[in-house]
Amino acid sequence: MVKIGVLALQGAVREHIKSIEASGAQAVVVKHAEDLTGIDGLILPGGESTTMRRLIDLYGMMEPLRTFAKAGHPMFGTCAGLILLAESLVGYDQPHIGVMDVTVERNSFGRQVDSFEAHLSIKGIAEDFPAIFIRAPHITEVGPKTTIICEHNGRIVMAQHGQYLGCSFHPELTDDHRVTAYFVQLVESFIQNA
């Protein structure tokens, strides 16, 4: 059984753990650098990206997260997690972890009051996924090795770059575990091919 960590500094950690377990994998709470040892993949949950970055710095997690990524471990960023993974951010000089070849714009769907749900067609995953968008970012550009998996109203809301997966919405806030299950399968395939 693969072990999927959830970065548990902020955000819907419990919901991600429930979704990982429903997808047939073991969930591990990641709060410290040593928690990254022994896990096969990592989910970076939604939340508030500025607050998450402060907490990552406070707990000394940035270099361990970059090392984990560069070691080839699959990572999945949802909402703020996508911002953390992106190599480039609109209006900012420096990325955070900066390993996924995408450019991301923060809060591009509006404020908290503009939150909404949309049924998405996600290539190879789901035809009618009930996606929840909360102060969501979107992907403005993708690199040559990045695959666009889903768009909503002309905006890229999900993409994959090798072992890195990112989406603008919160798959963990629904009872539909198909997106998490896709990440679990991604992790399994990377283990088999390692």
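Derivation of every value follows stated rules applied to the coordinates shown; laboratory data play no part. Note that the structure is a prediction, hence the values are computed from the model and not measured. So basically every Cβ, Gly included, is an ideal-geometry build from the backbone, and we count neighbours across all protein chains shown.
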Amide hydrogen neighbours beyond the local backbone of Leu165, cut-off 5 Å, H modeled: Met75, Phe76, Gly77
Cross-link partners of Lys145 among lysines (Cα-Cα below 29 Å; sequence separation of 8 or more within a chain): Lys3, Lys70, Lys123
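Can you give the FRET efficiency for Tyr92 and Lys70, using 1/(1 + (r/R0)^6), R0 = 22 Å, r = Cβ-Cβ distance, to the nearest 0.05?
After rounding, the FRET efficiency stands at 0.55.
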Using just the Cα positions, wrap the stretch 136-194 in a convex hull and report its mean projected area in square nanometres, one decimal place. 4.7
What range in the chain is the longest one free of trypsin sites (Lys or Arg not before Pro) that are in a loop by DSSP and have at most 10 other Cβ atoms within 10 angstrom? 1-110
How big is the chain on each of its three principal axes, counting only the C-alpha atoms and giving the largest first in Å? 40, 36, 33
Place a point 7 Å from Cα of Arg178 in the direction of its Cβ. Which residues in the stretch 128-158 have their backbone N less than 20 Å from it? 128-134, 147-158
Would you look at the GNM of the chain, springs on alpha carbons closer than 10 Å, and say which of Gly77, Gly154, Gly38 moves the most? Gly154
Extension length gain for Ala33 and Ser115 (0.36 nm per residue less Cα distance), in nm, is 26.2 nm
Rounded to whole Hz and in sequence order, give me ³J(HN,Hα) for the stretch 17-23 from the Karplus expression 6.51 cos²θ - 1.76 cosθ + 1.60, θ = phi - 60°, writing x for Gly and Pro. 4, 4, 5, 4, 5, 5, 8
Other-chain or far-sequence residues with amide H under 5 Å of Glu141's (modelled H): Thr103
